[in-house]
Amino acid sequence: MYPTHGLSNGHHGERGGTFMDKRLGSSRRDRGRSRASRGGPRDSRDLELKTPPCTDFDKAYFNSYAHLGIHEEMIKDRVRTDTYKAAIMQHQTYIAGKVVVDVGCGTGILSIFCAQAGAKRVYAVDASDIAVQAGEVVKANNLSDTIIVLHGRVEDVQIDEEVDVIISEWMGYMLLYESMLGSVIYARDRWLKPGGLILPSNATLYLAPVTHPDRYNDSIDFWRNVYGIDMSAMLPLAKQCAFEEPSVETIAGENVLTWPHVVKHMDCYTVTTHELESVSTRYRFKSMMRAPLHGFAFWFDVEFNGPTVSPSSNVTATFPESSSNDHPIDYCQRKKRPNPNEALVLSTAPEDPPTHWQQTLIYFYEPIPLEQDQLIEGSVTLSQSKENARFMNIHLEYTSGGRSFVKESVMR
Ligand SMILES: C[S@@+](CC[C@H](N)C(=O)[O-])C[C@H]1O[C@@H](n2cnc3c(N)ncnc32)[C@H](O)[C@@H]1O
């Protein structure tokens, strides 16, 4: 995921540049070796796949990942990195002696875990210049015979064999921001053997109403009395600055007013890029307490199931697809979706240990007073921005206590 960009960030509503501002502009190097290279002729499977163009936005995105700090933050997120390592070791019998592609290898850490799990060969692919450092790390750990670092886009590099395993850490804020899953789908459709393993295997995005009086007081009510001066004239601007854009911050389980609603569940073995262009769902919540409603929170989890948990298995079959979310109340009443296989789960939920993804909040300009059991109904649509598919448009409709509202925001 991409850590610092133009979103409001936590309490202070800071605004940095978007990741497009963080260009380094250094040149790329081809690091193709015997079995793999960038470009070149393609087999029949390749010909069926349309290679998306690499836009200026994509180049800026890859440049942003050349910064060490981003990788340091991700690696230091122990919940994230330890869960990936545990998932790789849990699937060791499947990985040992097999061929792996690491989609977006960054510093190469997941590729190295796969080599430690006994992989025969790992293609570590990254379009960012961080791939140069990944190559050095691989060399310094005497893994050059196993790990082949390819400095290029997954959509552009050539790998002349099918692979058994795809591993990737592709999740952005509120799961879909950054739109990296499309590259994993591309790799799956191009190289994965039938019955191959994808880690993580599925992902779920959740939505829940939240109350957060401290945050509202700190950012908004603060202006009512500043050193004894009535600065209420600042309120409209304060609300706009604090709440116009999504805010990435850590909330507690106590801030959440009901069980969450599943916005989208994705099976990485079957999800298509078309499905990701726009995700829409209707929700219906019943507040479990009397409190002011300040907005909605999004978070996600991913699971690491083996390939036996295929699209036709019970796990997927019993899980609601977003299109069937017309009956959301059933799922709202559950804290978490069922996990009958006891698969490893990387969760970014408010009640779980914090991660660098935190939660993503959409605040209202005005809180809505809620009674216990009061209904909150509406819909949310998340769509890739036409301007830049890595940005996300959020269209939120909500009705409660007989009043209806619409909130549009952009995560850029
Ligand atoms: C979230 S980071 C994960 C890095 C590393 N796997 C880890 O776990 O620390 C995602 C990485 O994927 C790379 N990436 C994203 N899309 C890519 C694509 N289409 N082709 C190659 N690399 C890509 C980015 O440059 C970035 O380094």
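The values are calculated or read from the model by the stated rules, or taken from the named source; none is laboratory data. Fair warning: this is a prediction, and the values are worked out from it, not measured in the lab. Every residue, glycine as well, gets a Cβ built from its backbone with ideal geometry; the counts of neighbours run over all protein chains shown.
Couple of notes before you dig in:
- Within region 94-116, the residues that satisfy the criterion of being small (Gly, Ala, Ser) and either within 15 Å of the ligand (Cβ to nearest atom) or touching a strand residue (DSSP E or B) at 6+ places or on another chain (Cβ under 8 Å) (or both) are GLY104, GLY106, GLY108, SER111, ALA115.
- For ARG31, the requirement of being modelled with pLDDT under 95, touching a strand residue (DSSP E or B) at 6+ places or on another chain (Cβ under 8 Å), assigned to a loop (DSSP other than H, G, I, E, B) and crowded, with 17+ Cβ neighbours inside 10 Å is met.
- Candidates PRO209, PRO236: the one that is more than 30 Å from LYS85 (Cβ to Cβ), loosely packed, with under 14 Cβ neighbours inside 10 Å, modelled with pLDDT of 95 or more and outside the structural domain of ASP102 (by TED's automatic domain parsing) is PRO236.
- Where a residue in region 53-68 is in contact (Cβ under 8 Å) with a residue 12 or more places away in the chain and assigned by TED's automatic domain parsing to the domain that holds GLU155 and its partner, wherever it lies, is near the ligand (Cβ under 8 Å from one of its atoms) and polar (S, T, N, Q), with Cβ under 8 Å and at least six apart: PHE62/SER128; ASN63/SER128; SER64/SER128; TYR65/SER128; ALA66/SER128
- Among the residues of region 112-138, just one is of a type in the set (Ser, Thr, Tyr) and within 20 Å of the chain's Cα centre (by Cα), namely SER128.
- Selection within region 60-93: residues that are acidic (Asp, Glu) and loosely packed, with under 13 Cβ neighbours inside 10 Å. The member of this set that is nearest to the ligand (Cβ to nearest atom) is GLU72.
- Residue-level analysis places TRP191 among those that are touching a strand residue (DSSP E or B) at 6+ places or on another chain (Cβ under 6 Å) and in contact (Cβ under 8 Å) with a residue 40 or more places away in the chain.
- The set of residues in region 358-383 being farther than 21 Å from PRO213 by Cα and crowded, with 18+ Cβ neighbours inside 10 Å consists of GLY378, VAL380, LEU382.
- Within region 377-392, tally of residues that are in contact (Cβ under 8 Å) with a residue 40 or more places away in the chain, hydroxyl-bearing (Ser, Thr, Tyr) and more than 18 Å from LEU205 (Cα to Cα): 0
- Yes/no for ALA140 being among the small types (Gly, Ala, Ser) and either free of Cβ contacts under 8 Å to residues at least 24 places away in the same chain or more than 21 Å from HIS356 (Cβ to Cβ) (or both): yes
- Of note, VAL125 satisfies the criterion of being β-branched (Val, Ile, Thr), closer than 25 Å to PHE57 by Cβ, touching an Asp or Glu at 6+ places or on another chain (Cβ under 9 Å) and within 13 Å of the ligand (Cβ to nearest atom).
- Tabulated pairs, region 225-236, first within 15 Å of TYR365 (Cα to Cα), second of a type outside the set (D, E, K, R), C-beta under 7 angstrom, 6+ apart or interchain: SER232/TRP223; MET234/TRP223; LEU235/ILE220; LEU235/TRP223
- When region 384-408 is limited to residues that are small (Gly, Ala, Ser) and surrounded by 19 or more Cβ atoms within 10 Å (Cβ to Cβ), the one that is farthest from the chain's Cα centre (by Cα) turns out to be SER400.
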